[in-house]
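Heads up, the thing below is written out as structure tokens.
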Amino acid sequence: MRSNTKNKEFKVNREIEELSLLWEVSQALGSSMNLREVVGPVLSALAERMGMTRGTLTLLNRMTGEIYIDAAHGLSENEKKRGRYKIGEGITGKVVETGHPLIVPRISDEPLFLDRTRSRENLQKKDISFICVPIKIGNEVIGTLSADRLFDESVSLKEDLRLLSIIASMVAQAVRLRQGAQEERELLIQENVRLQNELKERFHPTNIIGNSKAMQEVYDLIARVSKSDATVLIRGESGTGKELVANALHYNSLRADKPFIKVNCAALPETVLESELFGHEKGAFTGAVSQRKGRFEMASKGTIFLDEVGDFSPAVQIKLLRVLQEHEFERVGGTATIKADVRIIAATNRNLESLIEKEKFREDLYYRLNVFPIYIPPLRERKTDIPLLADFFAERYARANHKKILRISTQALDMFMSYHWPGNVRELENCIERAALLSNDGVIHGHQLPPTLQTSTYSGTIYKGTMQDSLDNLERDLIMDALKTSRGNMARAARLLGVTERIMGLRVNKYQIDPVRFRT
């Protein structure tokens, strides 16, 4: 009776110990989404509550077919690195291959036990038992959970196997949950990318017209940099709308309610530009009858737009470099240092790299300005925007001139689309303004556009001759010009054209030219 009572007490205590262990394992597995962080505490709990001396979690790399130790208790880093197996190799490899657990009562009696970690070399192997169970997700083995314990005939290894299998199932469930979380995270990332792409399409500064791919990239850059204080360098050909981009940057920034000062550097003489930018003290130069604030002071807390920055003189470049580096300057003729809390947006249509090579633009200033470059494509590279721009300008100038423009003719639109637009959007705007003034029937027609846009098809001046006719006409004109220059001297005219006198005579006869008429 007493023996049965002791056995029952032992069994109850063991069950309590197991439940306590499983609760501790579940708490550890739920404490972090990083599996490697939580397996260490799980193995430590096994060692403490079950008397296991070593424990390992191995995972299978499906790409290489190699089984490696991902986490361990009782092993050094070098021992963990040595613990690598192929599928079917050793006890661990067999468990992964078959999906069935294995018990080794004494590892010294089992030839399959390889001890790759060499962690048991100095121990009595006959006194060590080894238990290894698979970690499965469905029918797929993803790794193993194994443990060493000192051999004890009174301890049921099957009970340890059962407990280890339960814990392996809990680990597998944790892996499955983490895989699900990872998949959900990837879906969220994809959704985030999709939403960002939608925002790219939706972010459209109200002052800029165009939906082409090239302009969508510009809008994306504006959206990314507008909220920062980074210096922006806007580059592009003349007439592409660099000032509009500068406006969009300021009015979508955190400084939108502060001053926005524009300076056209090319329009100001070199002698005046420095004073305009930095101000001057009374008596600093002839005509300086009072102290005057410069544009940088006027733009305090706001934004300054320096248009055509490539035209700066060397002296102004040095001062601007100091503002960019130190955020301070002095007025012309002054000694007091003034702090500049100003965001700088610069623009140029010039090739600054070429100017640097010619030593006309400072390289250090270039790198200070070129923090965040934005390139505005020319109109010829965004022709899908031409109809939108044409409609916008037609409506604007119809309203400004109190006229009613109902449409732009197909002929005029075709001419717009086939033209190369060297003057970009500004040239298109001027063309529409001219045509709107000429229109008297509510329609912008092709014949109302400037001669530069006219083609032979639309102007009715199609040449109907052959190529040979054109070449003959050109040759006849060249001969007549040469005879005119040589005052009717055929030998001299032949030398001017690089032909022989015989050829000259044949051509004169062919075109029925009278050389005498050129003699004076």
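A few notes on this one:
- Charge dipole (region 381-459, unit charges on Cβ, about Cα centre) - positive-most of ILE386, ILE432, GLN411: ILE432
- Rh (Kirkwood; distinct C-alpha pairs) - region 213-377, Å: 16.2 Å
- Only aspartates and glutamates eight or more places from LYS80 in sequence, or on another chain, were considered; those with a Cα closer than 13 Å are ASP70, ASP115.
- FRET efficiency for the GLU184 to GLN325 pair, using the beta carbon distance and R₀ = 41 Å, is estimated at 0.30.
- Residues of region 138-152 with amide N under 19 Å of the 7 Å Cα→Cβ point at SER108: 148-152
- As a proxy for reagent exposure, ILE513, ILE137, ILE444 were ordered by neighbouring Cβ count within 10 angstrom, fewest first; the result is ILE137, ILE513, ILE444.
- Pairs with C-alpha atoms separated by more than 27 Å, drawn from the list LYS319/LYS360; LYS258/LYS293; LYS242/LYS403, are LYS242/LYS403.
- Ranked for footprinting exposure by Cβ neighbours inside 10 Å, fewest first, CYS265, CYS132 give CYS265, CYS132.
- Taking a ≥ b ≥ c as the square roots of the eigenvalues of the alpha-carbon gyration tensor, region 381-459 is classed oblate because a/c is 1.5 or more while a/b is no larger than b/c.
- You can think of it this way: the chain between ILE318 and ASN370 has 17.1 nm of extra reach, that is 0.36 nm per residue less the Cα-Cα gap.
- Taking each of LYS213/LYS262; LYS213/LYS358; LYS262/LYS383; LYS81/LYS158 in turn, the alpha-carbon distance tops 32 angstrom for LYS213/LYS358.
None of the figures in this text is laboratory data; all of them are computed from the coordinates on show. Because the structure is predicted, anything quoted here is derived from the model rather than measured. FYI the Cβ positions are ideal-geometry reconstructions off the backbone, even for glycines, and counts take in every protein chain you see.
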